[in-house]
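The values are calculated or read from the model by the stated rules, or taken from the named source; none is laboratory data. The shown structure was predicted, so the numbers you read here are calculated from the model rather than taken from an experiment. Every residue, glycine as well, gets a Cβ built from its backbone with ideal geometry; the counts of neighbours run over all protein chains shown. These accessible areas exclude ligands, DNA and RNA; they are computed on the full protein's heavy atoms, side chains included. Shrake-Rupley method; radii C 1.70, N 1.55, O 1.52, S 1.80 Å.
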Amino acid sequence: MEQENSANEPNLTFAELGLDAQMLRAVEAKGFERPSPIQRLTIPALLGEGADLIAQAQTGTGKTAAFGLPLLQLLTPKAGRVQAIILVPTRELALQVTEELISFNHEKRVSVTAIYGGASIGEQLRRLSRGVDIVVGTPGRVLDHIGRGSLDLSAISYMVLDEADEMLNMGFIEDIEAIMATMNEERRVLLFSATMPERIVRLSQSYMREPQMLRVEAQQLTTDLTDQIYFEVRESDKFDALTRIVDVEAEFYGIVFCRTKVAVDEIANRLQERGYAAEGLHGDVSQAQREKILRRFKARQANILVATDVAARGIDIVNLTHVINYSLPQDSESYVHRIGRTGRAGNAGTAITFLSPAEFRQFGYLKRDIKVDIKREELPSPQDIVAMKRKRIKDEMADVVESENYVTYTDMAIELMGDYTPEVAMAALLRMAFKNELDEKQYPEIRSFAVDRRGTVRLFLSIGRKDGFDGRKLVGLLKRECDLRDKHISDVKVADCYSFVTVPFTDAEEVVRRLNKLRKGKRPVAEITEGARPEKAQKPRRERPTREERPAREVRDVRSAREERTPAERAAAEAFVAKREQAAREQAERGQAERPKRTSAPRPQRTTERSNDTFDWSYFERGGNSWGTERHGSRGKSAKPSRGTKTAKGGKKGGRR
């Protein structure tokens, strides 16, 4: 059952949602005027009949109030048992949810406590022993208390899973299942998630009873208050692009997202060296240090927070101006969570993504998933930034003159005017106050690049002639497994142990994904060649070869592959061969095999040896393989010629020995 109608009625008030007088006074004290879409859906549903609920809404849409207000209204203070438990993915979110519930709880006096890892378990044991009505905690610490016997959920009435998709991404699924197994079957479950992956659906089917679906309209998942843009920037220029964005904004206050802890430390340190008030946050930071960093950030003593996705979970700050994706998130779910941290509580914000050439394919899939048009913009130039700074100086100076806050400096100004001309005195003061901030040369050049989205990409395949492939069979594999047509496959080069092929730019990522599903072991079947850039599609030849000419052409391409390789192809091939030789040497040293004999040139005959253990050979064994079999009366599908048969080009075709 799915409900969306009440979310489309923006004129509803909190009183019309069914909240009692105590909760309405709490809402008024917080300054809330109108409920958000998810609040309009959730509050009446939770106050109503006892169905389980699944609510889909992004981070920062008022979810805590959506379940907190009705829970506080429904619970009885000092009932002598835990009545509700709220599971969250991080310590910071546990503290913030607890603080939010307490802010609504001035009159009702329901006891609320937070339990999470990294804090004194002794203090948590004391609070639990005194009795609490609502527990907010992380799955690991909650399970720890259950094991100690200090937390009893057998008489629980309500369970809330906040940011369920993120908890599943962090590997908490087993802990959540273990916690739910200790509860009574009559409890109500409320599940909040920004996205609805298949794992959420399976969890609801296993542990929820005919849940009611509460869904905010799709276009509201990424709030309209967030302006989403991207810049095309080389990887080496991303840091300079970041400093331009920070400098051009009068009041920058935002989070910079990176994929790795190493990147967080590097960027935060470089920003601090440049004089920016920046802090870094990732999983290796201690709990005490995390709390110190967040206090500085919330107090705006630091205006830039560089963080990984996991470390930034639970940071609830309503007035962020910017969210910057320094590195593209790994999936659309992470993107939705990231940008949901700006554009909150009616405040406008900007979500910026830096895109390097290698990230464009993934970015295309992301845009299709979230169904949002992300605009391309040009980075501000050094001239634009300096002009903006000069304007801010003039505006601030006008404010000082208007407020007459300069009076204490009048005597010194008169003294300076006696020693210098007004122009010299003002220029010297500006130089002292702003140093090099108004110098355009401090901003390095950021090179532009163009991405040919209609071009092609070169792929490296770790299969070759020793695996039973020639040009025709490789093309057949791509057509069958990747749904490519003949016109989309070009420049096929087959060597003994590997191959190269060119495919359309827009299909490259999907081709790699599908081929790598066939692998066995760690070695992928397909990779985009390192350093490859989209190449312009070649015009088709005017003269189309006949069927009789095709076998001869394939042999020619194979034999000339080494001479025709591009630098990127040579690098990929050499790396592959080096790995194979290293593996052979290590195997020989362990005494498990003889050292392979060196040969001066590849043997032309076809062998049954399969050099690539990572390829899924069972695919070609299922149902028989018709490649190379003779079809009477069919030209171009004939069996292999015997040894010594002359080709159209005068060479010999190797036969089976």
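Could you tally the net charge around residue 112, taking each other residue with its Cβ under 13 Å from the Cβ of residue 112, Lys/Arg +1 and Asp/Glu -1?
Neighbourhood net charge equals +2.
Please report, in debye to the nearest 20, how large the charge dipole of region 60-216 is about its Cα centre when each Lys and Arg carries +1 at its beta carbon and each Asp and Glu carries -1 there. Please list the in-between numbers first.
On the way: 17 positive and 19 negative charges, 100 e Å.
Charge dipole, region 60-216, about its Cα centre: 480 debye, nearest 20.
With a sphere of radius 14 Å drawn around the Cβ of residue 188, what net charge do the other residues whose Cβ falls strictly inside it have (Lys, Arg +1; Asp, Glu -1)? Working shown, then result.
Details: positive: 187, 209; negative: 49, 52, 185, 186, 210.
Residues close to residue 188 contribute a combined charge of -3.
Which FRET efficiency value, to the nearest 0.05, do you get for residue 202 and residue 16 by plugging their Cβ-Cβ distance into 1/(1 + (r/R0)^6) with R0 = 25 Å?
Given R0 = 25 Å and the Cβ-Cβ separation, E is 0.10.
Which entries in the list 261/579; 108/298; 108/261; 367/493; 466/487 go over 32 Å, if you measure between the two C-alpha atoms of each?
With Cα atoms farther than 32 Å apart: 108/261; 367/493.
Using unit Cβ charges (K, R positive; D, E negative) and no other charged atoms, how large, in debye to the nearest 20, is the dipole of region 233-285 about its Cα centre?
Here the size comes out at about 160 debye.
Compute the relative contact order of region 40-159 as a whole-number percentage, counting only Cα pairs closer than 8 Å that sit 6 or more residues apart in sequence.
31
Loop only by DSSP, 14 or fewer other Cβ within 10 Å of the Cβ. Give me the GluC sites (Glu not before Pro) in region 98-140 that pass, ordered by residue number.
Passing both the DSSP loop test and the Cβ count: 107.
With labels modelled as points extended 7 Å from the Cα through the Cβ direction, what inter-label distance (nm, one decimal) is found for residue 377 paired with residue 429?
If labels sit at residue 377 and residue 429, their model points lie 3.4 nm apart.
Which value, in Å² rounded to 10, gives the accessible area of residue 322 with a 1.4 Å probe and all protein chains present?
10
Can you give the relative contact order of region 159-297 as a percent, counting alpha carbon pairs under 8 Å and 6+ residues apart?
Computed over region 159-297, the figure is 16 percent.
In whole percent, what relative contact order does region 401-517 give with Cα contacts below 8 Å and a gap of six or more residues?
Details: 97 pairs, mean separation 29.4, N = 117.
Normalised by residue count, the contact order of region 401-517 is 25 percent.
Applying 1/(1 + (r/R0)^6) with R0 = 30 Å to the Cβ-Cβ distance of residue 401 and residue 274, what FRET efficiency is obtained, to the nearest 0.05?
Once rounded, the FRET efficiency stands at 0.45.
Could you give each residue of region 175-180 its phi-based ³J(HN,Hα) in whole Hz, using Karplus coefficients 6.51, -1.76, 1.60 with θ = phi - 60°, and x for Gly or Pro?
Those phi angles translate into 5, 5, 5, 5, 5, 5 Hz.
In nm, what is the difference between 0.36 nm times the number of residues separating residue 106 and residue 367 and their Cα-Cα distance?
89.5 nm
What is the distance in Å between the Cα centroid of region 49-116 and that of region 331-400?
That distance is 33 Å.
Quick one: work out the % antiparallel among DSSP beta bridges in region 86-221, nearest 5.
Beta bridges within region 86-221, antiparallel portion: roughly 0 percent.
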